[in-house]
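One structure below.
Nothing in this text is a laboratory measurement; each read-out follows from the coordinates by a stated rule. Note that the structure is predicted; figures quoted are calculated from it, not measured. As a convention, Cβ positions derive from the backbone with ideal geometry for all residues, glycine included, and neighbour counts pool all protein chains shown.
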Amino acid sequence: MPGRGRFASIDANEDGYVSSEEAASSADMVFSAMDTDDDGVITLDEFMAVRMGAQIAVNPDRQALMQARKKARFDPMDSDSDGSVSKAEFMAASKAHFDAADTDQDGKVTPWEIRASIWN
């Protein structure tokens with residue numbers, strides 16, 4: 001579905017919602033993409049090296065801002081503060097993000113809910 005960005009790729013059954021199962025499946029795939037050495041953890045370098053979404057970076061200031069925001073998300077995921085994020089830590093952070101976006105707590109996230117969670 002054009003214009004829906006990453007949401008459409010997560011909404012596997014194309015019903016207009018992202019279920020908890022679809023979100024978990026997507027998080028699992030993202031972790032695998034980031035864990036480039038397949039050691040079961042993501043280092044900060046691995047986390048920063050993978051760029052999800054559109055690959056066009058025409059505004060260097062915006063790109064730097066987005067990378068800074070991304071870097072700021074790493075430490076909170078590293079719940080044991082060992083300098084890397086395990087799959088369990090990554091999945092827990094992903095679930096927390098899904099739960100926060102699911103404002104009506106119906107077990108699915110709409111495009112409106114996900115956008116509102118990003119805007120806030």
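Which residues, taken from the stretch 68-93, are closer than 19 Å to Thr36 by Cα and among the polar types (S, T, N, Q)?
Ser84, Ser86
For residues that are within 18 Å of Phe7 (Cβ to Cβ), aliphatic (A, V, I, L, M) and either touching a residue at least 24 places away in the same chain (Cβ under 8 Å) or not in a helix (DSSP H, G or I) (or both), tally how many sit in the stretch 85-120.
Of the stretch 85-120, the ones within 18 Å of Phe7 (Cβ to Cβ) are 94-95, 97-104, 106-120.
Applying the additional criterion that residues be aliphatic (A, V, I, L, M) yields 100-101, 109, 114, 116, 118.
With the extra rule that they be either touching a residue at least 24 places away in the same chain (Cβ under 8 Å) or not in a helix (DSSP H, G or I) (or both), the set shrinks to 109, 114.
Summing the residues that are within 18 Å of Phe7 (Cβ to Cβ), aliphatic (A, V, I, L, M) and either touching a residue at least 24 places away in the same chain (Cβ under 8 Å) or not in a helix (DSSP H, G or I) (or both) in the stretch 85-120 gives 2.
Only one of Asp106, Asp102 is exposed (fewer than 12 other Cβ atoms within 10 Å of the Cβ) and within 17 Å of Asp11 (Cα to Cα); which? Lay out the reasoning, then the answer.
On the way: Asp102 fails: exposed (fewer than 12 other Cβ atoms within 10 Å of the Cβ).
None of the other options fit; the residue is Asp106.
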